[in-house]
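Following: one structure in structure tokens, then a few remarks.
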Amino acid sequence: MEVKREFKERGAFELYNFEEERVVYAFVVDNKEMYVGICSNTNTTLKKRMRRYQSRQGRAVKIFTLKPESLPYKGLNVDLVKGFENPLIERLNPKWNIQK
């Protein structure tokens with residue numbers, strides 16, 4: 001994963017790259033994984049997805065991203081963006097993801 005954004009004080013953030021891409025992302029605070037999410041729709045970009053988080057206030061939040069390509073399997077394109085979300089949540093058990 002690679003750092004792409006960092007939230008600054010009062011909810012503002014800086015965008016470094018992948019702003020127009022569809023990715024898997026993780027929020028990290030004080031070196032702890034706090035949230036894993038995805039750009040779920042094919043037309044949702046990281047920039048669009050992050051708009052809903054701009055009002056978040058508090059400590060600095062680093063955002064790491066992963067941009068997997070689709071994987072062909074027996075004539076189907078497997079969406080690895082969606083495929084990575086649940087396994088990462090299960091492995092990292094981030095505090096901000098709703099646990100059922």
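The values are calculated or read from the model by the stated rules, or taken from the named source; none is laboratory data. Model, not experiment: these values are computed from the prediction. Every residue, glycine among them, receives a Cβ derived from its backbone with ideal geometry; neighbour counts consider all protein chains shown.
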Here is a check on your reading of the model: is Arg22 assigned to a loop (DSSP other than H, G, I, E, B) and surrounded by 15 or more Cβ atoms within 10 Å (Cβ to Cβ)? yes
Whichever residue in region 60-84 is free of Cβ contacts under 8 Å to residues at least 60 places away in the same chain and assigned to a strand (DSSP E or B) and, among such residues, is surrounded by the most Cβ atoms within 10 Å (Cβ to Cβ): Val61
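This table checks each residue for (1) modelled with pLDDT of 80 or more; (2) closer than 23 Å to Val78 by Cβ; (3) over 13 Å from the mean Cα position of the chain (by Cα).
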{"position": "Lys4", "(1), (2), (3)": "no, no, no"}
{"position": "Tyr16", "(1), (2), (3)": "no, no, yes"}
{"position": "Lys32", "(1), (2), (3)": "yes, no, yes"}
{"position": "Lys47", "(1), (2), (3)": "yes, no, no"}
{"position": "Arg52", "(1), (2), (3)": "no, no, no"}
Contacts under 8 angstrom Cβ, first residue in region 41-53 being over 22 Å from Gly83 (Cβ atoms), partner aromatic (Phe, Trp, Tyr) and at pLDDT below 85, 6 or more apart: Tyr53/Phe7; Tyr53/Phe13
